[in-house]
1. Translational D (Stokes-Einstein, µm²/s) of region 43-93 at 20 °C and 1.002 mPa s when Rh comes from the Kirkwood sum over C-alpha pairs?
2. Report the accessible area of residue 116, computed with a 1.4 Å probe over the heavy atoms of all protein chains in place, in Å² rounded to the nearest 10.
3. Given only helices, namely DSSP H runs of n ≥ 4 each adding -39500 (n - 2.57), what is the per-residue ellipticity at 222 nm of the chain, to the nearest 500 deg cm²/dmol?
4. Could you compute the net charge surrounding residue 162? Neighbours are other residues with a C-beta less than 15 Å from the C-beta of residue 162; K and R count +1, D and E count -1.
5. Assign unit charges at the C-beta atoms only (+1 for Lys and Arg, -1 for Asp and Glu), then state the dipole size of region 1-135 relative to its Cα centre in Debye, rounded to the nearest 20.
6. Give the cross-link partners of residue 66 among the aspartates and glutamates, using a straight C-alpha distance below 16 Å as the criterion and excluding same-chain residues fewer than 8 apart.
7. When the Cα atoms of region 64-185 are enclosed in a convex hull and the volume is divided per residue, what value in Å³ results?
8. Just order 140-147, 70-77 by mean Cβ neighbour count inside 10 Å, highest at the front, would you?
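The values are calculated or read from the model by the stated rules, or taken from the named source; none is laboratory data. Treat the numbers as computed from the prediction; the structure is a model and nothing was measured. Here Cβ is always computed from backbone atoms with ideal geometry, including for glycine, and neighbour counts include all displayed protein chains. All accessible areas refer to the heavy atoms of the entire protein, side chains included, with ligands and DNA or RNA removed. Shrake-Rupley method; radii C 1.70, N 1.55, O 1.52, S 1.80 Å.
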Amino acid sequence: MPFEFINLEPEGIILVKPTVYRDSRGLFSEVYKASEYVAGGIGVEFKQDNMSVSSYGVLRGIHYQKGIYSQAKLVRCIKGKIFDIAVDLRSDSPSFKQSVRVELSEANGYSLYIPKGFGHGFVSLSDEAVVLYKTDAEYNKEADSGIFWADSDLNIDWGIDFQPVLSEKDIKLPGLSEVIKCLYC
């Protein structure tokens, strides 16, 4: 099998490790193969691909889409290195508010599958980090939402010891307590 699928906590998060073939020319690996992903527990149909480029210390998140526009994501860092964060925002889940942090990098080639109902963010740990991600629903501006990255109710361990670089949007995001009544409405 060209991929190893590792179930993480909170439930639903899956780390995807590809098989990488290296020789004197460089390397080759499959990045996505629908039949293998279905067999590995990721049976969604992706509808949109996105790319971001971030300099060192940039933090993006915690973002999610509300209601019928909620998105599952498959995230991969193709240049540089990031800490990728997924936080369970399903208020009826036993792991509500729990998060996971995974290093995704050009070197390890891993992908992280994040199901619907989770918030997502990452912080760049390299001079430049290029992140590609697939979503199973198209972006909808009216459904765009987020929670402040350092919200004490979420208590996310970002694994950093510096003040991150944030967008104006991310600086102004509300805390979980402000959005809890309407996470997905």
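1. Numbers: Rh = 13.5 Å.
The diffusion coefficient I find is 159 µm²/s.
2. Per-residue accessible area (residue 116): approximately 90 Å².
3. Numbers: 3 runs with 14 residues, N = 185.
It lands at -1500 deg cm²/dmol.
4. Result for the neighbourhood of residue 162: -2.
5. On the way: 16 positive and 15 negative charges, 52 e Å.
The dipole of region 1-135 has a size of about 240 debye.
6. Output for residue 66: 88, 92, 136, 138, 142, 144, 178.
7. Details: hull volume 13.6 nm³, N = 122.
Spread over its residues, the Cα hull of region 64-185 gives 111 Å³ apiece.
8. Details: 140-147: 15.8, 70-77: 23.5.
Ranking the peptides 140-147, 70-77 by packing returns 70-77, 140-147.
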